[in-house]
Amino acid sequence: MRITVVGGGYVGLVTGACFSHLGNDVLVVEKVPEKVKMLKEGRSPIYEPGLEDLIREGLKRGNLGFTTDIGEGVAFSEVIFICVGTPSLPDGSADLSQVEEVARLTAKLMDSYRLLVEKSTVPVNTHQLVKKTVQRYLKRDVPFDVASNPEFLREGSAVLDFLNPDRIVVGVESERARRIMEEVYRPFTDRGVPLLITDPATAELIKHASNSFLAMKISFINMIADLCEKTGADVKLVTEGMGYDRRIGRDFLNAGIGYGGSCFPKDVRAFIRIAEEYGVDFSLLKEVERINSGRVERFMDKVRNALWTLKDKRVAVWGLSFKPNTDDIREAPSIKVVETLIREGARVRAYDPKAVSNFRVLFPPGDRISYPEDMYEAVKGAEALLILTEWEEFVKADMEKVKELMDLPVVVDGRNIFEPEEMKRMGFEYYSVGRS
Ligand SMILES: NC(=O)c1ccc[n+]([C@@H]2O[C@H](COP(=O)([O-])OP(=O)(O)OC[C@H]3O[C@@H](n4cnc5c(N)ncnc54)[C@H](O)[C@@H]3O)[C@@H](O)[C@H]2O)c1
């Protein structure tokens, strides 16, 4: 099939590259010219395992292209995936201006049937607004459909997730749209991936409900961690004990410094606003958000307890991305942690395998923060090491060497990557989450 993808970010690039990998002809429209230039040279502007290989593969085969020209995108295919950003507005609701722009421009440019597919995460009933916008800006009377096809990939394993989804959700209103979407996803359904066809409102709601539910699990286990710290219980074992229960499951029950990233925080906020707009009291979600927003401060209390004051303390930070295997730092806990460290006078040496270049834009290197080349350089002479992301590299670190390099063997682990007993045996003063 011919497929147009609008938006060349984490979702758009993975969607485009994977659809081309499956044999479709794909054109990705991205409005930032520098990104398109890189992509045409076979370089990915973001780090996502396996993505650059797929981009190169598609370019070589000739069935993956990139352009800044939306006109080219609209002319290319009758199915247009909208993968642009839907960030938070100051009041927490989703900013839909990028989605509106794509709907408006597509309407002005299309001269025959088009199916606009919302892959961006949008509030329930956004498809009505997209439809209204297209109708308003259409130059001539041509038929069109709007479908919802929420994306469930996780950054860090996005390619794998896209190619091996637990389920595909498609919300359509017409038989024509249904047939096109079934065709797009035939390579998946042929190998047994469940395809749930719904109306667009239901599909839109499924995405916000799923993310909010996962965020709720994280906040839930973080409160259990607080209780463990007070009572001497061990949250990792509590999680294991709960996780064996199939009704509960083990995933998303890792206590730590809370959820971050470009999805959970904004999607929970947006879902709270949606419920309010429709007069539904979803105070449960407000509590999920309140718990999460207090996690960094609770972590910083541990750092202060360990170091007493932070002024002029040399603090190493391992992990800046919001999760491992990505360079994404949007709403990463590291931002608040580093902000607090610098505000309270510490000298920060920060290391991350992939996210340093993004982080340097927010915190340029200088007197208060530097970015050593590797994780061992970062801990040289440090009076504390803070672990903020559970990269495999850190899990496998030579901690004997780390201890030798540090001035004071203090580790505050926001991700519970080490065992307290083992750290104690090596001579570390070790603080983690939900374990005494
Ligand atoms: N990142 C994830 O893990 C993830 C997972 C599932 C769903 N989502 C949802 O998918 C959407 C996109 O997320 P993302 O992380 O890929 O965002 P992103 O910011 O990485 O990418 C969006 C891209 O769209 C481009 N863009 C904006 N307007 C455009 C236009 N008119 N024409 C062409 N390009 C345009 C931007 O320049 C940017 O490169 C969001 O709604 C998000 O909530 C994200």
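Given a Förster distance of 22 Å, report the FRET efficiency between GLU392 and LEU160 from their Cβ-Cβ distance, rounded to the nearest 0.05.
0.90
Starting from the amide H of ARG347, placed 1.01 Å from N in the peptide plane, find each other amide H under 5 Å away whose residue is 5 or more places distant or on another chain.
Amide H neighbours of ARG347: ASP312, LYS313, ARG314, VAL315.
How do TYR244, TYR376, TYR430 rank when sorted from fewest to most other Cβ atoms within 10 Å of their own Cβ?
The most exposed by this proxy come first: TYR244, TYR376, TYR430.
Working out 0.36 nm times the residue gap between ASP53 and GLU404, then minus their Cα-Cα distance, what length gain in nm do you get to one decimal?
122.4 nm
What size of dipole, in debye to the nearest 20, comes out for the chain about its Cα centre when the only charges are +1 on Lys and Arg C-beta atoms and -1 on Asp and Glu C-beta atoms?
My answer is approximately 460 debye.
Translational D (Stokes-Einstein, µm²/s) of the stretch 208-293 at 4 °C and 1.567 mPa s when Rh comes from the Kirkwood sum over C-alpha pairs?
Rounded to a whole number, D works out at 96 µm²/s.
Please report, to two decimal places, log10 I(q)/I(0) for the chain at q = 0.11, 0.13 Å⁻¹ as given by the Debye formula with identical point scatterers on the Cα atoms and no solvent.
Here the Debye-derived log intensity ratios amount to -0.90, -1.17.
Kirkwood Rh and Cα-based Rg: tell me the resulting Rg over Rh for the stretch 1-140, rounded to two decimals.
0.97
Hydropathy first: keep DSSP H helices in the chain averaging at least 0.0 on Kyte-Doolittle, then drop any whose Cα extent along the axis falls short of 30 Å, and list what survives.
Sorted by number, the helices that extend far enough and score high enough are 200-231.
As I understand it, the dipole of the stretch 186-333 uses +1 on the Cβ of Lys and Arg and -1 on the Cβ of Asp and Glu, about the Cα centre. Which of ALA270, ALA316, LEU196 lies farthest toward its positive end?
ALA316
Separation of the stretch 116-141 and the stretch 344-394 by C-alpha centroid, Å?
Going from one Cα centre to the other spans 44 Å.
Could you order the peptides 199-205, 330-336 from most to least packed, using the average number of other C-beta atoms within 10 Å per residue?
330-336, 199-205
Return the calculated 222 nm mean residue ellipticity for the chain, to the nearest 500 deg cm²/dmol, obtained by summing -39500 (n - 2.57) across DSSP H runs with n ≥ 4 and dividing by the residue count.
-13500 deg cm²/dmol
Kindly flag which residue pairs out of LYS354/LYS401; LYS313/LYS424; LYS31/LYS119; LYS230/LYS354; LYS31/LYS139; LYS139/LYS207 have an alpha-carbon separation exceeding 27 Å in this structure.
Going by Cα-Cα distance, LYS230/LYS354; LYS139/LYS207 fall outside the 27 Å limit.
When N counts the residues of the stretch 303-405, how does its alpha-carbon radius of gyration compare numerically with 2.2 N^0.38 Å, as a ratio?
Taking N as the residue count of the stretch 303-405, the ratio is 0.98.
With a 10 Å Cβ neighbour count serving as the proxy for reagent exposure, in which order, fewest first, do ARG425, ARG2, ARG368, ARG273 appear?
ARG425, ARG2, ARG368, ARG273
Please work out the C-alpha center-to-center distance from the stretch 26-66 to the stretch 75-110 and express it in whole Å.
The distance from the Cα centre of the stretch 26-66 to that of the stretch 75-110 comes to 20 Å.
Output the antiparallel fraction of DSSP beta bridges having both residues in the chain, as a percent to the nearest 5.
That works out to approximately 5 percent antiparallel.
What does the highest-first list of 13-19, 25-31, 226-232 look like by mean Cβ count within 10 Å?
13-19, 25-31, 226-232
Which distance in nm do the two modelled labels at LYS132 and VAL193 give, with both placed 7 Å along the Cα-to-Cβ direction?
Calculated label separation equals 3.3 nm.
Bear in mind these aren't lab numbers, they're just calculated from the coordinates by the rules spelled out. Since the structure is predicted, the reported quantities are computational estimates derived from the model, not experimental observations. Because the Cβ atoms are built from the backbone with ideal geometry, glycine has one as well, and the counts that use them run over all protein chains shown.
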